[in-house]
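The numbers here are math on the coordinates, done by the rules we state, and not lab data. Just so it is clear, the structure is predicted and the values come from calculations on it, not from any experiment. FYI the Cβ positions are ideal-geometry reconstructions off the backbone, even for glycines, and counts take in every protein chain you see.
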Amino acid sequence: MSRRRRIYEGKAKVIYEGTEPGTLVQYFKDDSSHDASGDIATITGKGVLNNRISEHLMTRLAEIGVPTHLVRRLNMREQLIREVEIIPVQVVVRNIVAGSLAKRLGMEEGTALPRSIVEYYYKSDELGGPMISEEHITAFGWAMPQELDDMLSMALRVNDFLSGLFYGVGIRLVDFQLEFGRLWQGEELRIVLADEISPDSCRLWDLETDERLDRDRARLSMSEAAEAYQEVARRLGILPQSDVVDMHGRSHAS
Ligand code: TMP
């Protein structure tokens, strides 16, 4: 692990000071808080896979003009990212009823939504990430109206693009969560995509079987969850067909 100064440690990632001014290093851990009991569990190789998957998706998004915090992947578990001021609002986009939407409104999981639904959650672990409205966001100054507009249009663009990208590899993008940050470029302030996009932050179901290929699989077992993350990477063409990732992040043919 890195000897750099640690700035922040979350459930699944550690942030270190960067190697260049205005940058940070994002380290992906194997820890997951999404096992059956809600306790921290370890999905072997998850950090390595999420690093690769998130790099792949953010790079594809940058190619179509969606600005992101990613500078480049440094190694198996680390990315160099731009230092941004994180907006304390998590944006969730839903295409199919699942998770908390199914629970809250008593709807059946798997029902296609008549149109994509965007929800906002206040980024606070202490408060359990409560759902909020646009009114809360602007009234409390968490984001300016123009910033919120940018976040909404970027989230819908990301949804369109990633839905197509995943559909092409036989995966339904059920829902996902995004975080955004403010990036100063000279005098100009830009809103960019931050955090990660991976099976930790998306619900991904097999197009034909509805098999869960995301963190919901952790409800079954950690090894099944690891298989699901590997399957997503394989389908995206990041892992060769027969490769597995071992606990140290080395990939080798099985
Ligand atoms: P939810 O159905 O539990 O509200 O989750 C919606 C989406 O947001 C799902 O794809 C998982 C993602 N998500 C996160 O990435 N982090 C979180 O802390 C939560 C609650 C959800």
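On the beta carbon distance between V66 and E9, with R0 = 22 Å, the FRET formula returns roughly 0.20. Proximity of backbone amide H atoms, modeled 1.01 Å from N, is registered between L113 and I96, V97 at under 5 Å, excluding neighbours fewer than 5 places apart on the same chain.
Across region 201-211, coupling constants 3J(HN,Hα) worked out from phi with the 6.51/-1.76/1.60 Karplus curve, θ = phi - 60°, read 10, 10, 9, 10, 10, 4, 4, 8, 9, 6, 4 Hz, and Gly and Pro carry x.
I'd like the GluC sites (Glu not before Pro) in region 76-117 restricted to DSSP loop residues with at most 13 other Cβ atoms within 10 Å, sorted by number.
E108
Every helix of 4 or more DSSP H residues in the chain counts as -39500 (n - 2.57), and over all residues that averages to -8500 deg cm²/dmol at 222 nm.
Exposure proxy ranking for I197, I43, based on other Cβ atoms within 10 angstrom of each Cβ and starting from the fewest, stands as I197, I43.
Taking the chain as a Gaussian network of alpha-carbon nodes connected by springs under 10 Å, the highest mean-square fluctuation of the residues R82, R94, R115 belongs to R115. When the chain is treated as a GNM with alpha-carbon contacts under 10 Å, the residue of N50, N75, N95 showing the greatest mean-square fluctuation is N75.
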